[in-house]
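Asker: Would you mind keeping the following structure in view while I ask a few things?
The values are calculated or read from the model by the stated rules, or taken from the named source; none is laboratory data. Note that this is a predicted model, so its numbers are computed, not measured. A quick note on method: Cβ atoms are made from the backbone with ideal geometry, for glycine too, and the neighbour counts reach across all protein chains shown.
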Amino acid sequence: MVLRLGLVGCGKWSNVVINEIYKNRNFELKYVVCRNDNKVFSDSIKIYRKVEEMINSKNLDCLYVASSPKVNIEVINLLIYHNLPVILEKPITDSYKSIINLTSIIKKHKIQTIPNLSNIFSECANVIDDFIKKNHNKIKKIIIIEGGRGPFRKNINPVWDWGFHSLSLVFKLFKKDHISEFKYKEIKQKSISGKGLVSRFNFKINNLISVKIITGNLFHTKKRFFKIILSNKEFLICDFVKHEVYINNILVHKNLQTPLESLLNNFENIIRKADYFLSNELLDISCKTIRILDKFNKC
């Protein structure tokens, strides 16, 4: 049976989401919540102005919320009374306090909630995970570079837009390890129709593995690199833009599907099996990530 899906949001990212939903045979896009009168959709899709109106239609099997943290909270509060599996775009909330409260509601009412942590849903993450397991005692350094040209948002450190992906992946890959307190330094700051910033974050894993994350919104091109250096100087590089993994400069993997395809396939699987393990794991990772980011809420 095809799962009837409702989409909340009609911004730029929603177009990418819609294209992936159309390609997936397990989902049918039935409704969209959109407040943009100029947005055009297929005649087969019913448009709502309010989330509550769409959920009350009772002709849905699941939801995808491609909007802001404020809307994520609104949707979860509605799902207390209309329990539907839901995908939430990152960041789920904009503070550690609010995600703790939201996670408590989600677990109490058993709402299957999947945060879209895209690096984790990339096939590349599995290759990195295997490499780490084989070489855990040899890992000397991890360098992560993640950023682009924008977005420029007032009073929000760009680590919320870019660093969320890399930090969540670190918490996934090293979930049993101890991660030290972060050291933070601004590398570059500039005003471009808003606040522009490139920052460096340093921390250690088990007091042995040095990790450096450089992230910001002043890069000339989009960059999403994850590099692991071993004590014998061998290394792995993952390019999350091209979805390719190299070991010692030799291509060893290229994704067969996009992270969104993988996300939707996982979502379909947990709905069919009524599985809460992945939901709880990703919520816990999101909490750990936002606990760090909460300290860097402003540029």
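Asker: Among the residues of segment 223-242, what is the count of those that are closer than 15 Å to I145 by Cα and not hydrophobic (A, V, I, L, M, F, W, C)? So that I can check it myself, show each step before the final result.
Answerer: From segment 223-242, those closer than 15 Å to I145 by Cα are 223-229, 236-242; that's our starting set.
Narrowing further to those that are not hydrophobic (A, V, I, L, M, F, W, C): 223-224, 227, 239, 242.
Of the residues in that region, 5 qualify.
Yes or no, residue by residue, for (1) in contact with a helix residue (DSSP H, G or I) (Cβ under 6 Å, 6 or more places away or on another chain); (2) over 20 Å from N157 (Cβ atoms); (3) assigned by TED's automatic domain parsing to the domain that holds I132:
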{"position": "K188", "(1), (2), (3)": "no, no, yes"}
{"position": "G196", "(1), (2), (3)": "no, no, yes"}
{"position": "R200", "(1), (2), (3)": "no, no, yes"}
{"position": "N207", "(1), (2), (3)": "no, yes, yes"}
{"position": "K212", "(1), (2), (3)": "no, no, yes"}
{"position": "K223", "(1), (2), (3)": "no, no, yes"}
{"position": "K233", "(1), (2), (3)": "no, yes, yes"}
{"position": "L236", "(1), (2), (3)": "yes, yes, yes"}
{"position": "L251", "(1), (2), (3)": "no, yes, yes"}
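Asker: Residues F226, F219: which one is part of a strand (DSSP E or B), out of contact with any His (no Cβ under 7 Å at 6 or more places or on another chain) and over 16 Å from I143 (Cα atoms)?
Answerer: Details: F226 fails: over 16 Å from I143 (Cα atoms).
Within the list F226, F219, the selection yields F219.
Asker: For segment 100-124, how many residues meet the condition of being assigned to a helix (DSSP H, G or I), more than 13 Å from the chain's Cα centre (by Cα) and over 19 Å from G9 (Cβ atoms)?
Answerer: Step one: of segment 100-124, the residues assigned to a helix (DSSP H, G or I) are 100-108, 118-121, 123-124.
Filter again for more than 13 Å from the chain's Cα centre (by Cα), leaving 100-108, 123-124.
Then drop every residue that is not over 19 Å from G9 (Cβ atoms), which leaves 100-101, 103-108, 123-124.
Qualifying residue count for the region: 10.
Asker: When the residues of segment 22-42 are narrowed to those that are buried (at least 18 other Cβ atoms within 10 Å of the Cβ) and of a type outside the set (K, R), which ends up farthest from D61 (Cα to Cα)?
Answerer: Start the filter on segment 22-42 by keeping residues that are buried (at least 18 other Cβ atoms within 10 Å of the Cβ), which leaves 24, 27, 29-34.
Next, only the ones that are of a type outside the set (K, R) stay: 24, 27, 29, 31-34.
Details: N24: 15, F27: 9, L29: 11, Y31: 11, V32: 14, V33: 16, C34: 19 Å.
Step by step, filter segment 22-42, then rank; the result is C34.
Asker: May I pose another question? Condition check: in a loop (DSSP other than H, G, I, E, B), more than 21 Å from N119 (Cβ to Cβ) and small (G, A, S). Does S42 satisfy that? Give the steps one after another, and end with the answer.
Answerer: Values: in a loop (DSSP other than H, G, I, E, B): yes; more than 21 Å from N119 (Cβ to Cβ): yes; small (G, A, S): yes.
Yes, satisfied.
Asker: Moving to a separate point now. Identify the single condition in (1) more than 26 Å from I18 (Cα to Cα); (2) assigned to a strand (DSSP E or B); (3) at pLDDT 95 or above; (4) not polar (S, T, N, Q) that E186 does not satisfy, given that it satisfies every other one.
Answerer: Answer for E186: the failing condition is (3).
Asker: Another question, then. Could you check segment 247-271 and list, in sequence order, the residues that are assigned to a strand (DSSP E or B) and in contact with a Cys (Cβ under 8 Å, 6 or more places away or on another chain)? Full working, then the answer.
Answerer: Within segment 247-271, the first condition is being assigned to a strand (DSSP E or B), and the residues that meet it are 247, 250-254.
Answer for segment 247-271, where residues must be assigned to a strand (DSSP E or B) and in contact with a Cys (Cβ under 8 Å, 6 or more places away or on another chain): just H253.
Asker: Something else now. Please go through segment 120-161 and pick out each residue that is closer than 22 Å to Y64 by Cα and at pLDDT below 95.
Answerer: Matches in segment 120-161: W160, D161.
Asker: Okay, moving on. Does at least one position in segment 172-186 carry a residue that is touching a Leu at 6+ places or on another chain (Cβ under 9 Å) and of a type in the set (A, V, I, L, M, F, W, C)?
Answerer: Within segment 172-186, not a single residue is touching a Leu at 6+ places or on another chain (Cβ under 9 Å) and of a type in the set (A, V, I, L, M, F, W, C).
Asker: Also: Please enumerate the residues belonging to segment 253-292 that are surrounded by 15 or more Cβ atoms within 10 Å (Cβ to Cβ), acidic (D, E) and farther than 30 Å from I156 by Cβ.
Answerer: Correct list: E268 only.
Asker: Separate question: Tell me which residues, restricted to segment 137-171, are assigned to a helix (DSSP H, G or I) and not polar (S, T, N, Q).
Answerer: Going residue by residue through segment 137-171, those that are assigned to a helix (DSSP H, G or I) are 137-138, 158-160, 163-171.
Those that are assigned to a helix (DSSP H, G or I) and not polar (S, T, N, Q): K138, P158, V159, W160, G163, F164, H165, L167, L169, V170, F171.
Asker: Hey, another quick one. Against the conditions (1) within 19 Å of the chain's Cα centre (by Cα); (2) surrounded by 21 or more Cβ atoms within 10 Å (Cβ to Cβ); (3) under 30 Å from I229 (Cα atoms), where does F131 fall short? Just the number, please.
Answerer: Only one criterion in (1) within 19 Å of the chain's Cα centre (by Cα); (2) surrounded by 21 or more Cβ atoms within 10 Å (Cβ to Cβ); (3) under 30 Å from I229 (Cα atoms) is unmet by F131, namely (1).
A quick yes/no check of all residues on (1) within 24 Å of K233 (Cβ to Cβ); (2) in contact with a strand residue (DSSP E or B) (Cβ under 7 Å, 6 or more places away or on another chain); (3) without any contact (Cβ under 8 Å) to a residue 60 or more places away in the chain:
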| position | (1), (2), (3) |
| --- | --- |
| K107 | no, no, no |
| T113 | no, yes, no |
| G163 | no, yes, no |
| K185 | no, yes, yes |
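Asker: From the residues in segment 169-183 that are in contact with a helix residue (DSSP H, G or I) (Cβ under 8 Å, 6 or more places away or on another chain) and closer than 16 Å to K295 by Cβ, which one is modelled with the highest pLDDT?
Answerer: F171
Asker: Quick test of your reading of the structure: L78 fulfils all but one of (1) assigned to a helix (DSSP H, G or I); (2) in contact (Cβ under 8 Å) with a residue 60 or more places away in the chain. Name the failing condition by number.
Answerer: (2)
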